[in-house]
Amino acid sequence: MSRMSQVAGRGSRVKGRGSRVAGHGLRAGVRRLAYGVLVVALGLPVALHAQQRVRARDLGVAPGRLTPGPNNAITDVPGVRVGQVTRMVGDSIRTGVTAIVPHGGNTFFSRVPAAIVVGNGFGKLLGVTQVQELGELETPILLTCTLCVWRAADAMVDYLLHQPGMERVRSINPVVGETNDGSLNDIRERPIRAEDVVKALTSADTGKVQEGSVGAGTGTIAFGWKGGIGTSSRLVDPARDGAAASRPYSVGVLVQSNFGGAFTVMGVPMWKELRRTPPPAGRRNAADGSIMIVVATDAPVSDRNLRRMASRALMGLGRTGGYGSNGSGDYVIAFSTAESVRRTGEGPIRQVSDLDNDAMSSLFEAVAEATEEAIYNSLFMATTVESRGGRAEAVPLDQVRAALKRHGIGAP
């Protein structure tokens with residue numbers, strides 16, 4: 001998390017009911033912080049330690065050839081918004097909700113084409129079959145913890161059904177993804193509440209996206225280090241593939257990293273280079289865990305070609321050292337916000353203007369690059385988190401810098 005949104009750490013302990021969070025002067029409870037993030041901090045000391053964290057590009061880690069958008073985030077895709085709620089309660093709850101909203105309208109009546117690709121299906125992705133069958137999203141996407149999926153879905157459905165114009169709706173397909181944060185989070189408590197989901201949805205905004213130990217990434221672990229939320233984007237010149245457009249297309253990726261493998265950065269084997277003093281809060285198999293990857297674009301792409309784009313995210317995942325172990329749930333959800341491919345229900349025949357297959361290659365490249373960088377950001381921005389379940393150390397950035405320098409990579 002950024003220093004603006006730290007709620008705990010040295011000198012920042014929550015001292016009990018009605019107490020104030022030292023160093024920030026905020027009462028314990030829910031507060032709106034930077035970039036649309038809401039944090040709950042209650043009870044015993046919250047073990048989220050203040051650390052100076054930077055994004056991948058600040059370390060000279062800039063995968064690929066394409067240029068990022070202004071925020072280097074999924075919100076560089078026009079209209080896409082992200083909202084997050086972080087729940088850290090006592091010494092046991094370390095979880096949250098991250099909401100990805102495709103556009104500013106009603107997604108049920110203005111549906112976006114979408115596709116889902118499963119790298120390894122050890123997970124609980126709710127709503128997958130209807131998206132695969134119809135090739136469209138009719139709700140925002142929620143990310144949360146494994147045993148919170150159904151509570152999050154129920155809360156989103158209830159919220160959406162009470163929106164204006166939804167009075168006659170009798171079926172809705174909530175899409176909710178997850179990773180298992182049970183090493184740091186008391187997951188059996190199923191601690192996500194309806195108000196957390198509503199706040200994530202209503203606080204969703206464009207602009208910068210908070211990364212690291214926040215939202216659905218609060219309690220996640222990746223490669224044995226503290227994982228979390230990460231994002232990145234790329235701009236694509238349609239002319240590279242022979243298409244004509246008035247401006248570049250945007251491709252944005254957001255990840256919830258909670259997986260394992262052989263951590264690698266730009267080809268540098270960090271699994272060899274990094275030293276760890278305390279043992280991590282672990283899993284039975286260190287390679288197990290999961291990752292949710294959300295891909296957004298404003299390029300006019302059909303659900304068929306969105307499926308092809310989604311599959312390229314797995315290539316970006318592989319570059320970081322993930323390989324989809326038996327116990328890993330690796331899912332990619334991709335959607336397009338382009339008006340020309342929206343599904344609005346205006347009659348039985350639709351006229352669609354979408355990209356030809358030959359115009360897709362640069363978009364594929366953008367997805368792979370942005371996924372790789374989003375995963376790096378999720379780790380480099382994450383802060384150390386501990387609970388009664390254990391402790392997950394943040395990746396030591398000084399060691400990362402040194403390792404990159406030895407291999408001729410890094411910021412000057």
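The values are calculated or read from the model by the stated rules, or taken from the named source; none is laboratory data. What you see is a predicted model; the values in this text were computed from it and never measured. Counting neighbours? That spans all protein chains shown, and the Cβs are built from the backbone with ideal geometry, glycine included. Remember, those area values only see protein heavy atoms, side chains included, never the ligands or the DNA or RNA. Shrake-Rupley method; radii C 1.70, N 1.55, O 1.52, S 1.80 Å.
What is the percent carbon and sulfur in the accessible area of the range 272-412, measuring with a 1.4 Å probe over the protein chains and ignoring ligands?
Working: 2830 of 6040 Å².
C and S atoms contribute 47 percent here.
Please compute the contact order of the range 268-407 in relative form: average sequence separation of alpha-carbon pairs under 8 Å and at least six residues apart, divided by the residue count, as a percent.
Working: 159 pairs, mean separation 47.4, N = 140.
Averaging sequence separation for qualifying contacts and normalising by length gives 34 percent for the range 268-407.
Fully extended, how many nm does the chain gain between D205 and D158 (0.36 nm per residue separation, minus their Cα-Cα distance)?
On the way: separation 47, 0.36 × 47 = 16.92 nm, distance 2.10 nm.
Extra length available between D205 and D158 comes to 14.8 nm.
Run through the range 321-412 and list the GluC sites (Glu not before Pro) located in a DSSP loop whose Cβ has at most 12 other Cβ atoms within 10 Å.
Of the GluC sites (Glu not before Pro), the ones in loops of the range 321-412 whose Cβ has at most 12 other Cβ atoms within 10 Å are E346.
Within the range 259-392, what percent of beta bridges assigned by DSSP are antiparallel, to the nearest 5? Kindly include the intermediate steps, with their values, before the conclusion.
On the way: 6 of 15 bridges.
If I count the DSSP bridges inside the range 259-392, around 40 percent turn out antiparallel.
How far is it, in nm, from the label point at E167 to the one at N326 when both lie 7 Å from their Cα along the line to the Cβ?
Going by the 7 Å Cα→Cβ label model, 5.5 nm.
Can you tell me the accessible area per residue over the range 248-398, all protein chains present, probe 1.4 angstrom, in square angstrom?
On a per-residue basis, the range 248-398 sits at 37 Å².
Looking only at the range 99-206, where both bridge partners belong to it, what percent of the DSSP beta bridges are antiparallel (to the nearest 5)?
Here the antiparallel bridges make up roughly 50 percent for the range 99-206.
Cβ under 9 Å from S290's Cβ, S290 left aside: what net charge do those residues give with Lys, Arg +1 and Asp, Glu -1?
Values: positive: none; negative: E178, D288, D330.
Value of the local net charge: -3.
Could you work out the local net charge near A243, counting Lys and Arg as +1, Asp and Glu as -1, over the other residues with Cβ closer than 11 Å to its Cβ?
My count for the surroundings of A243 gives -4.
So what is the relative contact order for the range 100-147, in percent, with contacts set as C-alpha pairs under 8 Å and at least six apart?
Reported as a whole number, the value is 54 percent.
Roughly speaking, to the nearest percent, how much of the range 116-159's 1.4 Å accessible area is carbon and sulfur?
That share works out to 50 percent.
Per-residue accessible area for F263 at 1.4 Å probe radius, Å² rounded to 10?
Rounded to the nearest 10, that gives 10 Å².
Take the Cβ-Cβ distance between F109 and T67 as r, set R0 to 25 Å, and report the resulting FRET efficiency rounded to the nearest 0.05.
So the FRET efficiency works out to roughly 0.15.
For the range 374-412, state which trypsin sites (Lys or Arg not before Pro) are in a DSSP loop and have at most 16 other beta carbons lying within 10 Å of their beta carbon.
Details: sites: R388, R391, R401, K405, R406; in loops: R388.
Filter output for the range 374-412: R388.
Once the whole set of protein chains is in place, how much accessible area is left on S325, using a 1.4 Å probe, in Å² to the nearest 10?
The accessible area comes out at roughly 10 Å².
Would you tell me the accessible area of S336, worked out with a 1.4 angstrom probe on the heavy atoms of the protein chains, in Å² to the nearest 10?
0
Starting from the Cα-Cα distance between Q130 and T344, subtract it from 0.36 nm times their residue separation and give me the gain in nm to one decimal.
Between Q130 and T344, full extension yields 75.3 nm more.
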